[in-house]
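Have a look at the structure below before the remarks.
The values are calculated or read from the model by the stated rules, or taken from the named source; none is laboratory data. Nothing here was measured: the structure is a model prediction, and the numbers come from that model. FYI the Cβ positions are ideal-geometry reconstructions off the backbone, even for glycines, and counts take in every protein chain you see. Side chains are part of the model used for accessible areas, which takes the heavy atoms of the whole protein and leaves out ligands, DNA and RNA. Shrake-Rupley method; radii C 1.70, N 1.55, O 1.52, S 1.80 Å.
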Amino acid sequence: MKNDFLNWLNQSGRPFLIAGPCSAESARQVLETAQGIAQHYPKALYRAGVWKPRTRPGSFEGAGVSAFAWLKAMREQTGLRFMVEVATPQHIEIALKHQADALWIGARTVVNPFSVQELAHAMKGVSHIPILIKNPVHPDINLWIGAIERIQQAGVNLVAAIHRGFHKYSNGDFRNNPAWDIPIQLKTQLPHLPLFCDPSHITGNKKLIPYITQLAIDLAMDGLMIETHHLPAKALSDAQQQITPAELHQLISNIRVSQSEEESERKCEEINILRNKIDIIDDELVNLLAQRMALSKEIGQYKFEHNIAILQLSRWKKTLQSQIQNGKTTGLSENFIKAIYQIIHDESITVQSRFGNENPETKGKN
Ligand code: PEP
Ligand code: MN
């Protein structure tokens, strides 16, 4: 399945490339941007939003149907195939009528299984048009996989996923939290699904795009979707994160394409020696954790028999502080030690709370 989609792209290899503006804004903008991309990447898949899902009303909501004439003219002149975002069955109908080459479903649509199911229904019988599915806005891997399954069950053969990061509450460097563990889980569960990274929407800031792009390639993503505009400063949407075709060329030329897992396993004996050492330490870690938990259980029994409260705040604070200190002298960050000890302490409390107070959900399971 992976190869079917990558063959359809008809590019020479990783990183496979999707590029184009956030939104189609005018015939000229669509064409000039495409010419700049095609100069170095004549096989790139051209992206452009025609209907824009804006968080608040009142901003540019896309050029709508009239953009298809610009996109078709662009395809004729540059040879680049194009894809647009669809969020309703009507969008699919219009996009197919105008011979869009591929479609993508955006993060705000993927959150809603009713919407995805309606889109899947509208795709019945058009199995040859690829559909790319962005991750949902919030970090729910099953919602993402569910959307992929709904589209596949409609008979669409060429499906791929796009990682664009997840909504976050706090301010930080990135517009969306990359939460890399989620695309890694997706890769693990669906190894035959092509996976693209969208550093533009993760970063929201062109300065950070090279950093996320390199990470995505190091994490063995198949390709990239990069928002590209011939005049980013004038863009009607997402101006901060769009780059020029020349900057796109610089970005792609600077990527270090790491070797695949199979290649590195064959070539890097040294890594295997280090990995063997890590395996031994991992075995020890789990054994030590089991021993620690057994002691904690004994203490739990004693506390129960002597009516002593399970949570002893001063003891917990002391343990945590002394391990944070220990971490400092051995080069481990405070956040790391805190996170690990939080999990260990939670488990200790769970184990100790079983004396005389069994959780009906887990009764008899441990
Ligand atoms: C887009 O790609 O322009 C877009 C709207 O992205 P997302 O669905 O990831 O927010
Ligand atoms: Mn955008």
Quick one: of the DSSP bridges fully inside the chain, what percent are antiparallel, nearest 5? 5 percent
Pull up all non-local amide H partners of Cys197: gap of 5 or more, or a different chain, and H-to-H distance under 5 Å with H placed in the peptide plane. His163, Gly223, Leu224, Met225
Heavy atoms only, 1.4 Å probe, whole protein assembly: order His230, His306, His121 by accessible area, highest first. His121, His306, His230
Return the long-range amide H neighbours of Arg81 (sequence gap of 5 or more, or a different chain), with a cut-off of under 5 Å between placed amide H atoms. Tyr46
Would you work out which of Asn142, Phe16, Pro53 lies farthest towards the positive end of the dipole of the chain? Charges go on Cβ: Lys and Arg +1, Asp and Glu -1. Pro53
Can you give the accessible area of Trp70 in Å² (nearest 10), computed on protein heavy atoms with a 1.4 Å probe? 60 Å²
Sorted by accessible area (1.4 Å probe), largest first, how do Trp144, Trp8 line up? Trp8, Trp144
Shape box of segment 40-184 [Cα atoms, principal axes, largest first, Å]: 44, 34, 34
Taking the alpha-carbon distance from Lys168 and a cut-off under 17 Å, which aspartates and glutamates remain once sequence neighbours fewer than 8 residues away in the same chain are dropped? Asp140, Asp181, Asp198
Probe of 1.4 angstrom, ligands and nucleic acids ignored: what's the accessible area per residue over the chain, in square angstrom? 55 Å²
Roughly how far apart, in whole Å, are the Cα centres of segment 315-339 and segment 109-165? 43 Å
Cα-only radius of gyration and Dmax that characterise the chain, units Å: 25.3, 84
Could you sort Arg275, Arg292 by accessible area so the largest value comes first, with the probe set to 1.4 Å? Arg275, Arg292
Residue separation between His306 and His138 times 0.36 nm, minus their alpha-carbon distance, gives in nm 55.9 nm
Highest mean first, how do 340-347, 246-253 rank when packing is the count of other Cβ atoms within 10 Å averaged over residues? 246-253, 340-347
Before rounding to the nearest 500, sum -39500 (n - 2.57) across all DSSP H runs of length at least 4 in the chain and divide by the residue total; then give [θ] at 222 nm in deg cm²/dmol. -15500 deg cm²/dmol
With every protein chain in place, the accessible area of Ser322 for a 1.4 Å probe, in Å² rounded to the nearest 10, comes to 60 Å²
At a 1.4 Å probe radius, carbon and sulfur cover how many percent of the accessible area of the chain? 53 percent
Gain upon complete extension [Ala69, Leu96; 0.36 nm per residue less C-alpha separation]: 8.4 nm
